[in-house]
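Before any comments, here is the structure.
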Amino acid sequence: MPPESDVLMPITAVTPTAAQADLPLVLAGPLLRRMESQRLVLWLVGSRSLALTLQLSHGDASAPQRLSLTGDSCQVIQIGEQAFIHLIDLQLATPLPCDVQIDYDLLIEQSGQAAQGIADWAPHLLYNGGTQVNFVLRAQLDHILHGSCRKPHHPAADGLLCADHLLAEAHPPEQRPALLLMSGDQVYADDVSGPMLRAIHQVIERLGLFGEQLEGAVVDDSEALYRHPASYYQRAQLLPELKSNETLRERFFGGVEKPIFTTSSADNHLVTCAEVLAMYLLVWSPVPWTLLDSEMPPLTSDEVSRYQAEREHIEAFRGGLGQVARALAHMPTLMIFDDHDITDDWNLSAQWEETAYGHPFSKRIIGNALIAYLLCQGWGNNPDVFAEPLQAIQVMSAGRNARNQLGCAAQDDLIDQLLSFRQWQFTLPTSPTLVVLDTRTRRWRSERSLKRPSGLLDWEALCELQQALLDQSSAIIVSAAPMFGVKLIEAVQKIFSWAGHPLMVDAENWMAHRGAARVMMNIFRHSRTPGNYVILSGDVHYSFVYEVLIRQRKRGPQLWQITSSGLKNEFPPRLLDWFDRLNRWLYAPWSPLNWLTKRRRMQVTPRIPSRSKAGERLWNGAGLGQVFFNKQGQPSAIYQLNADGSPAVAFVDDRDKAPATAGEPSAVPATAKGDV
């Protein structure tokens, strides 16, 4: 049995094994995560446990500061024979300065060798021939980038490249973005291309990622899963042939047909914890791709054609990963999950929960994605709250059997713990206050029907939101799904929900649950909650901006719903054009339909995309959102940076001129304002 020190271990210089010696020292990262003047959090994955020293320097410092990362300042979790996640969480006695460039380096100590810095082991992270990477701690959140929905095999370009292009330009430190906020679907565990799944399996084998035993499937363990003929494009067949599993097969593994919006494909759904962990390495770093060959798995003739078509998109995605990794090494990044990080329609209704958690195999699939999310995303958001889950991971890993498979009972116990975990959300004491919501695990289940959509936050979570907002002058709220969406699309979702088919249209909006919608509106009306709210969202695969005024409260509050989606995903263009046009006709300011919505006590004014041709309010195109704030926490300029390289789109009030951007003329679309 492996010792516990294999999992959460002290950092000491070790002699690599023969297998490790053939691997790069660092497989992914560093990613800058939660960064404050007296606290720095960085994430990286090494092929061994690394002895690290952090070097910091800035203009006011007489000499670089070297900090040995030992003990609690660098925790290491082993996820494979040659794979170790490192979370650097460094508390500083002396605050770092704000709004100045701080250069940093991570020096790797090895026995009998000179220390290697980032320029040695990750030169692709350096800009313009520099020798070190850097970051800027902003005193105020006056410039933010945000986005969601990054599907590797989508034909669109990668929106995270926009962040790299922005950072590559010479900007004074005080003009750098304060944060990159990823508001969901950073990975697609439920929609995986054949070439990506093949890469995942090669990474698992090359790094010796830990296996596991499986219950409730036609295979006994992960190794049998990877070898099974149904492992590619046919994973629905991995469920045993039982009548009781038909609902599970339809709703979970087979994907849900969505004729209104999209067709969901789950035939390569990730199953094991190792598969999801390997996916994270492959979407955030170019290094693991260098360990792979181009060999195709055994496939049918039809599958070969699909595989080859998908490979073209995956190769394009892979080609930009060096730039993506460079941006993530230079800018603090915070993240929260949405459904595709785990599985499509995750916790959409009480009936979905009963079906998915009632079977050991689907529960394990969901739990594995949550374990990987904790280690690769959640941990870096708020390290303080994960002591107990990390201890459970230690127990699970220490219980590996002779075949290096995780302890089965301990893995199930960990999953039970994570499914009831209530601290995925987090708040930053910034200016403005930043509140990132968990809209997936704390659902307000419908009391009228198990089939009806659940509210995105339950009563207790909404009360916690109100407490976080009390006596704040302004706030930025990150909600994966828009709080104020497109009325027509919400109406379509409501019709399908009434008919008992909410899964067909992703009926996940804040207004779909009467109780949650009412409490949310009461929070905004509260006299002690902020006067200015900015709500950053993704999820929907198109971008839009609404300015919202609640009529029943004196002097506000003012709300801005700013949605940017997707990073590498788009809505079907013709369908979105029709939704946009019909929404403007049916919900014009004079339309009586406005009085049938839960927003009738609000004035909702759309901002118009500056490149709108006929008054469109929705912008369809992969890219990255960019928001500038004034000192009152109000958005002063809102853009969508386009991944295809076309000029940025400014969202403008039709009474004003569009904010100026480099290379883009002002545009003032003339459209009627009013409720939308």
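The values are calculated or read from the model by the stated rules, or taken from the named source; none is laboratory data. Values in this document were obtained by computation on a predicted structure and should not be read as measured data. Here the Cβ is made from the backbone with ideal geometry for all residues, glycine too, and neighbour counts use every protein chain on show.
The table that follows gives values for the structure above.
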read-out: Residue under evaluation Cys408, criteria (1) under 30 Å from Pro360 (Cα atoms); (2) surrounded by fewer than 17 Cβ atoms within 10 Å (Cβ to Cβ); (3) in contact (Cβ under 8 Å) with a residue 40 or more places away in the chain; (4) more than 24 Å from the chain's Cα centre (by Cα), criterion not met; value: (2)
read-out: Subset tally (residues that are within 29 Å of the chain's Cα centre (by Cα) and not aromatic (Phe, Trp, Tyr)) for the range 118-131; value: 8
read-out: Count of the range 133-142 residues which are assigned to a loop (DSSP other than H, G, I, E, B) and among the aliphatic types (A, V, I, L, M); value: 3
read-out: Selected residue (criterion: surrounded by the fewest Cβ atoms within 10 Å (Cβ to Cβ)) from residues of the range 555-579 that are among the aliphatic types (A, V, I, L, M) and in contact with a His (Cβ under 9 Å, 6 or more places away or on another chain); value: Leu576
read-out: Leu87 assigned to a strand (DSSP E or B), of a type in the set (A, V, I, L, M) and touching a helix residue (DSSP H, G or I) at 6+ places or on another chain (Cβ under 7 Å); value: yes
read-out: The range 541-554 - residue that is at pLDDT 85 or above and farther than 20 Å from Leu180 by Cα and, of those, surrounded by the most Cβ atoms within 10 Å (Cβ to Cβ); value: Tyr546
read-out: Unmet criterion (only one of (1) more than 17 Å from the chain's Cα centre (by Cα); (2) in contact (Cβ under 8 Å) with a residue 12 or more places away in the chain) for Pro172; value: (2)
read-out: Failed item, numbered, when Asp221 is tested on (1) modelled with pLDDT of 90 or more; (2) crowded, with 21+ Cβ neighbours inside 10 Å; value: (2)
read-out: Hits in the range 431-441 (condition: at pLDDT 95 or above and either of a type in the set (Ser, Thr, Tyr) or within 16 Å of Asp339 (Cβ to Cβ) (or both)); value: Thr433, Leu437, Asp438, Thr439, Arg440, Thr441
read-out: Selected residue (criterion: modelled with the highest pLDDT) from residues of the range 569-598 that are of a type in the set (S, T, N, Q) and outside any helix (DSSP H, G or I); value: Asn569
read-out: Residues of the range 52-64 satisfying the condition of being surrounded by fewer than 21 Cβ atoms within 10 Å (Cβ to Cβ) and over 17 Å from Met35 (Cα atoms); value: Thr53, Gly59, Asp60, Ala61, Ser62, Ala63, Pro64
read-out: Meets criteria (of a type in the set (Phe, Trp, Tyr), in a loop (DSSP other than H, G, I, E, B) and buried (at least 21 other Cβ atoms within 10 Å of the Cβ)) for Phe337; value: yes
read-out: Residue check, Thr441 surrounded by 19 or more Cβ atoms within 10 Å (Cβ to Cβ) and in a loop (DSSP other than H, G, I, E, B); value: yes
read-out: First in the range 511-525 and closer than 13 Å to Trp459 by Cα, second anywhere and among the polar types (S, T, N, Q) and surrounded by 15 or more Cβ atoms within 10 Å (Cβ to Cβ), Cβ under 8 Å, 6 or more apart; value: His513/Ser446; His513/Ser454; Ile523/Gln466; Ile523/Thr529
read-out: Failed criterion for His124 (all others in (1) of a type outside the set (Asp, Glu); (2) touching a helix residue (DSSP H, G or I) at 6+ places or on another chain (Cβ under 8 Å); (3) farther than 16 Å from Gly46 by Cα; (4) crowded, with 16+ Cβ neighbours inside 10 Å hold); value: (4)
read-out: Residue check, Ser47 at pLDDT 95 or above and among the hydroxyl-bearing types (Ser, Thr, Tyr); value: yes
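Quick grid of which residues meet (1) in a loop (DSSP other than H, G, I, E, B); (2) of a type in the set (D, E, K, R); (3) modelled with pLDDT under 95:
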position	(1), (2), (3)
Pro606	no, no, yes
Ala614	yes, no, yes
Phe628	no, no, no
Ile638	no, no, no
Asp644	yes, yes, no
Lys657	yes, yes, yes
Pro669	yes, no, yes
Ala672	yes, no, yes
Asp675	yes, yes, yes
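A quick yes/no check of all residues on (1) under 28 Å from Gln425 (Cβ atoms); (2) part of a strand (DSSP E or B):
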site: Ala28; (1), (2): yes, yes
site: Ser49; (1), (2): no, no
site: Leu54; (1), (2): no, yes
site: Ser62; (1), (2): no, no
site: Leu67; (1), (2): no, yes
site: Cys98; (1), (2): yes, no
site: Leu107; (1), (2): no, yes
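Let's see how each residue does on (1) among the hydrophobic types (A, V, I, L, M, F, W, C); (2) buried (at least 24 other Cβ atoms within 10 Å of the Cβ); (3) at pLDDT 95 or above; (4) under 20 Å from the mean Cα position of the chain (by Cα):
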| position | (1), (2), (3), (4) |
| --- | --- |
| Glu275 | no, yes, yes, yes |
| Leu282 | yes, yes, yes, yes |
| Thr290 | no, no, yes, no |
| Gln308 | no, no, yes, no |
| Arg311 | no, no, yes, no |
| Gln323 | no, no, yes, yes |
| Ala329 | yes, yes, yes, yes |
